[in-house]
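The values are calculated or read from the model by the stated rules, or taken from the named source; none is laboratory data. Keep in mind it's a predicted model, so treat the numbers as computed, not measured. All Cβ positions, glycine included, derive from the backbone under ideal geometry; neighbour counts span all protein chains shown. Just the protein is used for accessible areas: all its heavy atoms, side chains included, with ligands, DNA and RNA removed. Shrake-Rupley method; radii C 1.70, N 1.55, O 1.52, S 1.80 Å.
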Amino acid sequence: MTDRDALPSPQPRWDGLVLGASLATLDAAHGYGEVPDGALAWKDGLLVHAGPRHELPGDPAALADEVIETDGWITPGLVDCHTHLVFAGDRAREFEMRLQGASYEDIARAGGGILSSVRAVRAIDEDGLLRESLPRARALAADGATTVEIKSGYGLDFENERKMLRVARRVGELAGVQVRTTYLAAHALPPEFADRAEDYIDAVVDWMPRLHAEGLIDAVDAFCEGIGFSPAQTRRVFEAARGLGLPVKLHADQLSDLGGAGLVAEFAGLSADHVEYSSEASVRAMAASGAVAVLLPGAFHVLRETRLPPLDAFREHGVPMAVATDCNPGTSPLMSMRQAMQLACTHFRLTPEESLRGASLNAAHALGLHDRGVLRTGARADFTLWDIRHPSELGYWLGGRLARATYAGGQRIA
Ligand code: NIG
Ligand code: FE
């Protein structure tokens, strides 16, 4: 044996260690996974300890470069799995029109709605679009989000869809959150394709591999609805995605039942989103395929919808439910995951625990991510420290400031 072999191996030094807060690990099929007086440590962006303080393998000061003694609760970083937060301007005037009696569909058919955001996005350059969008991602991070999905869909031509997706990537770099991009060119029919929806779908399919080659697409989505695209047109978009190996998700059954959620299941898609009108048959198909139901209570709230998603059927058949903001200028001007959770509890009667799981672990699965949404050794070091006495408060308070610190990949981002 050489002298070198006889030396004790050096104590691994962790990058950071938080002590004293309770942990809501979500690391079990049910419940918050509560750990009182917890210890959470990370190294190189991953969690290396998530458990009780008394199980630490030594003196904290010797274990980590930075040791933080605190109180409150730590949850997994929140995952906003459905946003349209890259846009320009706002649609407050439409909100006013709706309150005076116009419906979302009336406004869309009159050339407003999504198309008014398309005009605004086409009129602004990339830096301007970034300037308008970045504060929304920062607001999400300040309220606990560490991963954010961002869709295109207000460009509706090659250059403007590309501009949106490039801005989405830059938003992630500047806000510190992990961004997953979704290609949603099949969101509305642009004016230059009026009455030529099939030709537009040809164009959507043609742009997809070019944008994918630039590394701009993580998943593909469409708006399958009477005022959007038909199931047959959606199927063409999904087939193109499948050809590129890209996962699909769908704005499904929001205003009517076109069988969108069933289509997601048929393509082994990640999620069906909105799903207010989804049928029992679609729910069964989702359960069999493993798709997540993404609930968007902000849009339900702002559109003053009354038709509830089939929540009991999701529970009964074991379809995981996620909660997201749907942050967009038309139907859900919402920039807080906590508010989305509160609305999910109030309108959809999710329990606060379901809303937290839906805003973290299940939301990560809705993005095809299995390395986050839970506090567990080996998971990404994405977590939020909250000024609360119990995690049920996260689905309870409206407004206020509860997040004390947010870490993504072991770096403090808010
Ligand atoms: O998720 N339904 C389609 N897409 C968005 C609304 C987008 C808009 O109105 O700008 C949604 O609700
Ligand atoms: Fe949406």
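Data table
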{"quantity": "Considering residues of the stretch 200-223 that are within 17 Å of Ile150 (Cβ to Cβ) and open to solvent by 20 Å² or more (accessible area, probe 1.4 Å) only, the residue nearest to ligand 2 (Cβ to nearest atom)", "calculated": "Asp218"}
{"quantity": "Subset tally (residues that are farther than 30 Å from Asp106 by Cβ and either within 16 Å of ligand 1 (Cβ to nearest atom) or touching a residue at least 40 places away in the same chain (Cβ under 8 Å) (or both)) for the stretch 270-301", "calculated": "2"}
{"quantity": "Test result for Gly172, under 18 Å from the mean Cα position of the chain (by Cα) and open to solvent by less than 30 Å² (accessible area, probe 1.4 Å)", "calculated": "yes"}
{"quantity": "Among residues of the stretch 224-253, those that are within 16 Å of ligand 1 (Cβ to nearest atom) and over 17 Å from the mean Cα position of the chain (by Cα), counted", "calculated": "12"}
{"quantity": "Failed criterion for Leu367 (all others in (1) closer than 17 Å to Asp273 by Cα; (2) within 16 Å of ligand 2 (Cβ to nearest atom); (3) in contact with a helix residue (DSSP H, G or I) (Cβ under 9 Å, 6 or more places away or on another chain) hold)", "calculated": "(3)"}
{"quantity": "Every residue from the stretch 86-98 that is in a helix (DSSP H, G or I) and open to solvent by 30 Å² or more (accessible area, probe 1.4 Å)", "calculated": "Ala92, Arg93, Phe95, Glu96, Met97, Arg98"}
{"quantity": "Lone unmet requirement of (1) more than 16 Å from ligand 1 (Cβ to nearest atom); (2) out of contact with any Leu (no Cβ under 6 Å at 6 or more places or on another chain) for Ile217", "calculated": "(2)"}
{"quantity": "Failed item in (1) more than 25 Å from Arg138 (Cα to Cα); (2) in contact with a Phe, Trp or Tyr (Cβ under 6 Å, 6 or more places away or on another chain); (3) open to solvent by 30 Å² or more (accessible area, probe 1.4 Å), with Lys43 passing the rest", "calculated": "(1)"}
{"quantity": "Residue list for the stretch 152-186, restricted to those being within 16 Å of ligand 2 (Cβ to nearest atom), more than 17 Å from Leu134 (Cα to Cα) and among the hydrophobic types (A, V, I, L, M, F, W, C)", "calculated": "Leu156, Leu184, Ala185, Ala186"}
{"quantity": "Subset of the stretch 306-336 [closer than 26 Å to Ser289 by Cβ, crowded, with 18+ Cβ neighbours inside 10 Å and either of a type in the set (A, V, I, L, M, F, W, C) or within 16 Å of ligand 2 (Cβ to nearest atom) (or both)]", "calculated": "Pro309, Leu311, Ala313, Phe314, Val319, Met321, Ala322, Val323, Ala324, Thr325, Asp326"}
{"quantity": "Number of the exception - Asp143 against (1) within 16 Å of ligand 2 (Cβ to nearest atom); (2) under 18 Å from the mean Cα position of the chain (by Cα)", "calculated": "(1)"}
{"quantity": "Residue in the stretch 66-80 that is over 16 Å from Gly16 (Cβ atoms), within 16 Å of ligand 1 (Cβ to nearest atom), surrounded by 17 or more Cβ atoms within 10 Å (Cβ to Cβ) and of a type in the set (D, E, K, R) present", "calculated": "yes"}
